[in-house]
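Student: Got a structure for you, questions after.
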Amino acid sequence: MRKTYPLQAEGRHPDRVLDAVKHDVRKYLKRERRRPLPEGVDFWDFSCKFGLTADEAQTLHLSEVISSIDKAAKEQATQVYVEIITTHGKRTPRPVADDAALIEDEEDGLPE
């Protein structure tokens, strides 16, 4: 999803416009997470960019998108650009050697 959202609309309260923008972003995320996972993929990951325009957009974590929209609205921005691209996520297993060393330390009763 690559979209520029206006934060001010004639005849609409700015808080309702802001709520509509955040609702649209959350609805997109829910829809993408419901898609079936391809074989070999553990979860859906998201690459996100946010800015006042597409040219000024900077990469940020998914959890920061909604708070960035709120921050832009508080600063009286007229529009925001949100880009959320779905990617394949693969979990990496923990290293086995670290777990074995931790168990040995616990058995010895030595503090870390």
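The values are calculated or read from the model by the stated rules, or taken from the named source; none is laboratory data. Not measured: the values here are computed from a predicted model. All Cβ positions, glycine included, derive from the backbone under ideal geometry; neighbour counts span all protein chains shown.
Student: Considering region 1-54 alone, what residues qualify as being of a type in the set (S, T, N, Q) and either under 14 Å from the mean Cα position of the chain (by Cα) or surrounded by fewer than 10 Cβ atoms within 10 Å (Cβ to Cβ) (or both)? Spell out how you get there, then give the answer.
Tutor: Residues of region 1-54 of a type in the set (S, T, N, Q): 4, 8, 47, 53.
SER47, the sole residue that qualifies.
Student: Please enumerate the residues belonging to region 72-112 that are at pLDDT 60 or above and at positive phi.
Tutor: Across region 72-112, the qualifying residue is only GLN76.
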